[in-house]
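Written below as structure tokens is the structure these notes are about.
The values are calculated or read from the model by the stated rules, or taken from the named source; none is laboratory data. Remember, predicted model here, so these are calculated numbers, not experimental data. We place every Cβ from the backbone using ideal geometry, glycine too, and count neighbours over all the protein chains shown. Surface accessibility is based on the protein's heavy atoms, side chains included, excluding ligands, DNA and RNA. Shrake-Rupley method; radii C 1.70, N 1.55, O 1.52, S 1.80 Å.
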Amino acid sequence: MISKRATWAAAIALALASPAFADDLKLPRQQVDLVAPPFVHAHEQATKQGPKIIEFRLVIEEKEIVIDEAGTRFQAMTFGGSMPGPLMVVHEGDYVEVTLVNPETNTMPHNIDFHSATGALGGGELTLINPGEQVVLRWKATRSGVFVYHCAPGGPMTPWHVVSGMSGAVMVLPRDGLKDGAGKALKYDRVYYIGENDLYVPRDAKGKFKAYASPGDAYADTAEVMRTLTPTHVVFNGKVGALTGKNAMTAKVGENVLIVHSQANRDSRPHLIGGHGDYVWETGKFANRPETNLETWFIRGGSAGAALYRFVQPGIYAYVTHNLIEAVELGATAHFKVEGDWNNDLMLQVKPPEPVPPAKLGALEKPAPRHQH
Amino acid sequence: MLAAIKFRIGLAVALAAPLALASVPASGQGAVLGPDFEMITLAPGIISYRAAGDFSRTGRPANAPLRAVRIDKPLTIMARQVTAAEYARCSAAGACPRLPMSQSEPDRPAVGVSWRDAAAYAAWLSRETGERFRLPTDQEWAFAAGSRFADDALPEGDPNDPARRWLARYDAESERARPVDAAPQPIGTFGANEHGLLDIGGNVWEWTDTCFIRGTIAASGEISTTLVNCGVRVVEGAHRTYVTDFIRDARAGGCAVGTPPSNLGFRLVREDDALRPLRRLLARLRPATS
């Protein structure tokens, strides 16, 4: 294990020293600064440019965060400091070149497995780095769609790192953009990336959530809770309420919004309360025809999906996983705030709440005799 | 100051319990039965008040009219919220339901309390002390909260666009600064209002006795009530809300898109009417009950 890592470190050092490494593809390079979800870095939806090498820098950050309103403290491990890690957008045929950084301030080895990449356990075998190391991995985006990436350092570390926050997603767009089932171009005015996390926080003898000084201190107790397969929290963007109130996502009536949803570990069933999925790539892969007019869609654990919806009515929309126990009791609720003009044709409160008319009440209380001639 | 108050409250309840068990009343200890020291009495006065409930005018959602309301009797109300330790004594006596949620430190506010729990506590405390304790009405709460009472009027806006009102309410609730985290804080953390009441509008919302009503507002401004639902009570704090009486944790999520109270707790008013001396005397003569 160590020797393999040392070999790769040496290979990379050699490669970095050699100018041939940077230029072997003779393709233009583009550096992209990642942004924290639910936002997504600027990108073209369809592109007339040829394939490029897209460079991302991803810094792993172990840190304590607060995951609910009660102030429950959680030893998180993150890609880029956020839960989920940032969405990386490229086009089919591009090369993704990721510099993965594990600062010395961290305590553990980490790596990255891209479901969108081919070979070496998604890159996991080539990216295992200790605190104080960094590694550069390049993979070719051969399939379009939205895909999960996650940490997979091996053995019991893998599920634990994932449920500690180490997952994110890649969106590989077709070069000519998204299409409906008939081949007509689909465009979005906004895109949001929602990463869902199932969290397993140990409790003390009194039932209170426990806090730990470091991820290592939390490991043994957390593994026990993980084995119950019963999360204590199911959250969007790392925290109960991360996407509500002041942080609610916004849109305007008439806008098409693409919602990318990933869950690296567990099944989920997104539902937009009061809205729909106009076009949904439930399994997340854009070469397949999108389903239309969905009420709820299914995100298989370890995958990402995408839903396109044009908001046609103003108001507050809740975006939940439609296991409502998880949505309400465990935290998986986000909000959209949509401004625009109300459409009475789509919905109208014909009469406001009022007392049930007395005649009908009377009829209920005194049913007509049934056995009379 | 606060420490001294706590000590005296503890003493009062500790003495009250053995007293209730004694068949012969102990003389000279009646003074500790009623926790006078933690109560604040407000002189009668006038407040600007908007009724709690859902109202409509010509079939559209509307704010209840703001009215000058006269409180014509003195109001005696707890200076602070009932603490976890105080509530625990009631449940230990079998008179209050045990709270399933993990409670905070004993000397911090009791939270995770439903209206039913609070009502049971008021009944128990009344029996124990010979006083008459109850939850405040919404109007009384507003009077006692004084400058910390939060008006819940919303822009009435376009009558044909119900979404505007929802968005306005959502923004108003989102903009409100959330006090620290939701964990109950030591008594006095959120300061006193002009009447000396502690922690009004902090991170513990308080039950009132007022039932949810629906009403229509006539052109004159008169409200006629079309429905009273006492299964839902008015809750006051940093904002006003309506909560089903058996709920202990008004969490949001799902289709409840507002901002919920961080915690549900309570404080009580004491009725200081002409019969109070008689009630206290009877309590001392009363044989042991629970």
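Tabulated data for the structure shown
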read-out: Average beta-carbon neighbours from other chains, 10 Å sphere, peptide A:332-340; value: 3
read-out: Total accessible surface hidden between A and B, rounded to 100 Å², 1.4 Å probe; value: 2400
read-out: Spatial extent of chain A: Rg and Dmax, with the Cα atoms as the point set, Å; value: 24.2, 104
read-out: Candidates A:K48, A:K63, A:K252: whichever shows maximal mean-square fluctuation once chain A is modelled as a Gaussian network with Cα springs under 10 Å; value: A:K48
read-out: By average C-beta atoms within 10 angstrom, highest first, the peptides A:142-153, A:302-313; value: A:142-153, A:302-313
read-out: Among A:201-213, A:79-91, the order from most to least packed when residues are scored by Cβ within 10 Å on average; value: A:79-91, A:201-213
read-out: Simple spin-label estimate for B:S224 and B:L285 in nanometres, 7 Å along Cα-Cβ; value: 5.0
read-out: The range B:28-282: antiparallel DSSP beta bridges as a percent of all, rounded to 5; value: 85
read-out: The range B:28-282: C-alpha gyration tensor shape, a/c 1.5 cut-off, then a/b vs b/c; value: prolate
read-out: Accessible area (Å², per residue) of the range B:28-282, counting only protein heavy atoms and a probe of 1.4 Å; value: 42
read-out: Percent carbon-and-sulfur accessible area, the range A:257-360, ignoring ligands, DNA and RNA, probe 1.4 Å; value: 52
read-out: Loop sites in the range A:166-275: GluC sites (Glu not before Pro), DSSP, at most 14 other Cβ within 10 Å; value: none
read-out: Counting all C-alpha pairs of the range A:144-271, share separated by more than 17 Å (%); value: 67
read-out: Magnitude of the charge dipole, chain A, Cβ model with Lys/Arg +1 and Asp/Glu -1, debye to 20; value: 540
read-out: For the range B:184-201, Karplus couplings with θ = phi - 60° (6.51, -1.76, 1.60), whole Hz, Gly/Pro x; value: x, 9, x, 3, x, 4, 9, x, 10, 8, 5, 9, x, 6, 8, 6, 5, x
read-out: For the protein assembly as shown, convex hull of alpha carbons as volume per residue, Å³; value: 226
read-out: Cα gyration tensor shape of the range B:81-152, rounded if a/c is under 1.5, else prolate or oblate by comparing a/b with b/c; value: oblate
read-out: Per-residue average of Cβ from other chains inside 10 Å of B:162-170; value: 5
read-out: Packing-based ranking, highest mean first, of B:207-219, A:269-281 given that Cβ atoms within 10 Å are counted; value: A:269-281, B:207-219
read-out: Spatial separation of Cα centroids for the range A:97-132 and the range A:317-355, in angstrom; value: 41
read-out: Peptide B:71-77, shielding by other chains (average Cβ, 10 Å cutoff); value: 0
read-out: Förster radius 41 Å - calculated FRET efficiency between A:K184 and A:Q30 (Cβ-Cβ, nearest 0.05); value: 0.90
read-out: Centre separation in Å (Cα based) which lies between the range B:108-166 and the range A:174-222; value: 37
read-out: Residue-level accessible surface for B:E128, protein heavy atoms, 1.4 Å, Å²; value: 20
